[in-house]
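One structure is given below, encoded as structure tokens.
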Amino acid sequence: MATAGVQEVRVPPLTSTSEPPSLFDGTTRLYISYVCPFAQRVWITRNYKGLQDKIKLVPIDLQNKPAWYKEKVYPESKVPALEHNGKVVGESIDLIKYVDDNFDGPSVIPSDPAKKEFGEQLISHVDTFTRELYTSLKGDPIQQSSPAFDYLENALGKFDDGPFFLGQFSWVDIAYVPFVERFQLVFSEVFKHDITEGRPKLAAWIEEVNKISAYTQTRADPKELVDIFKKRFLAQQ
């Protein structure tokens, strides 16, 4: 079960003029950006496991990063990054597993062998999926993105004990949903296209994911997301 919880207050992101927190003082910190889909994956995992009091969110302004973040926290200078037990761990998929393994709360990785195997397969495809979507923006977005969304529609038919990829909510849903969230929005707003058209399982999945507060509490402002896409990927729009 997802933790219902109250909507967290979003503190302003730290910028180049912000002082660092008391680094490596025993506090577990998840460094994120409110609009980064990769960071959102770990944020969802944290919320779903009910770790809001155990893992402190530290938002970073990626356009105006504090120098200490690269120098003292994470040399890669990316988000997400998790400060835990005197070390810093990065990479969103790795961090989903790390948080699942190292903290209490409901597991997001199923123990059932068939689901575990299919889950690994879907996780190994997620980078291809996102690459296909971003590449589609350079050509005919609706036509070129169609195979990527068809892949999801087909994958959602594998298990019938729930509306999610592995039946019940899992790390696979967490890995995919930030990107589906963004592209559903952009395709609707910019291209006037519904990605769920002809894809009833995808439509049902989106509807069900949007009932999970662990996810909905991490969603970015839709207008901000569309503006980011227009600026970075849709200069011609």
- In debye to the nearest 20, how big a dipole does the chain give about its Cα centre with +1 on each Lys and Arg Cβ and -1 on each Asp and Glu Cβ? 560 debye
- Under a Cβ-Cβ cut-off of 14 Å, what is the net charge of the residues other than LEU156 that fall near it, where Lys and Arg count +1 and Asp and Glu count -1? -3
- Long-range tail of P(r) for the range 1-107 (Cα pairs > 16 Å, %): 55 percent
- Message: Under the 0.36 nm per residue contour assumption, what length would be gained going from the current alpha-carbon distance of VAL9 and PHE24 to full extension?
- Response: 3.0 nm
- Message: So I have (1) 29, 23, 15; (2) 46, 29, 17; (3) 30, 20, 20, and one of them is semi-axes √(5λ) of the Cα gyration tensor in Å calculated from this model. Which one is it?
- Response: (1)
- Note on the structure: Note, GLU207: beta-carbon cut-off 15 Å, +1 each Lys/Arg, -1 each Asp/Glu, net -2
- Task: Would you mind pulling out the separation of the Cα centroids of the range 110-136 and the range 19-83, in Å?
- Result: 24 Å
- For SER170, what charge total do you get from the other residues with a beta carbon under 14 Å from its beta carbon, if Lys and Arg give +1 and Asp and Glu give -1? -1
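Could you list VAL42, VAL126, VAL73, VAL79 in order of exposure, starting from the residue whose Cβ has the fewest other Cβ atoms within 10 Å? If you can, show how the numbers build up before the last one.
Working: VAL42 31, VAL126 16, VAL73 22, VAL79 25.
Going from least to most buried by this count: VAL126, VAL73, VAL79, VAL42.
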- Task: May I ask you to derive the FRET efficiency for ASP221 and ASP194 from their Cβ-Cβ distance with R0 = 22 Å, giving the value to the nearest 0.05?
- Result: 0.55
- Message: With the cut-off at 22 Å, tell me which of the pairs LYS138/LYS211; LYS49/LYS211; LYS138/LYS201 have Cα atoms farther apart than that.
- Response: LYS138/LYS211; LYS138/LYS201
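Would you mind classifying the range 48-136 by shape? Square roots of the alpha carbon gyration tensor eigenvalues, ordered a ≥ b ≥ c; an a/c under 1.5 is rounded, otherwise it is prolate if a/b is larger than b/c and oblate if not. All intermediate terms of the calculation are to be shown ahead of the outcome.
Numbers: a/c = 2.47, a/b = 1.27, b/c = 1.94.
Oblate.
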- Task: Write down the percent of antiparallel bridges among all DSSP beta bridges whose residues are both part of the chain, to the nearest 5.
- Result: 65 percent
- Message: With unit charges on the beta carbons (Lys and Arg positive, Asp and Glu negative) and the dipole taken about the Cα centre of the range 1-107, which residue among GLY50, THR17, THR28 sits farthest to the positive side?
- Response: THR17
- Relative to the present Cα-Cα distance, how much length would full extension add between ASP61 and LYS97 at 0.36 nm per residue of separation? 10.4 nm
- Query: With a ≥ b ≥ c the root eigenvalues of the C-alpha gyration tensor of the range 152-224, is it rounded (a/c under 1.5), prolate (a/b larger than b/c) or oblate?
  - Reply: oblate
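Throughout, read-outs are computed from the coordinates displayed, never taken from laboratory work. Everything quoted here is computed from the prediction, not taken from an experiment. Cβ sites come from the backbone with ideal geometry, for glycine too, and all protein chains shown count toward neighbours.
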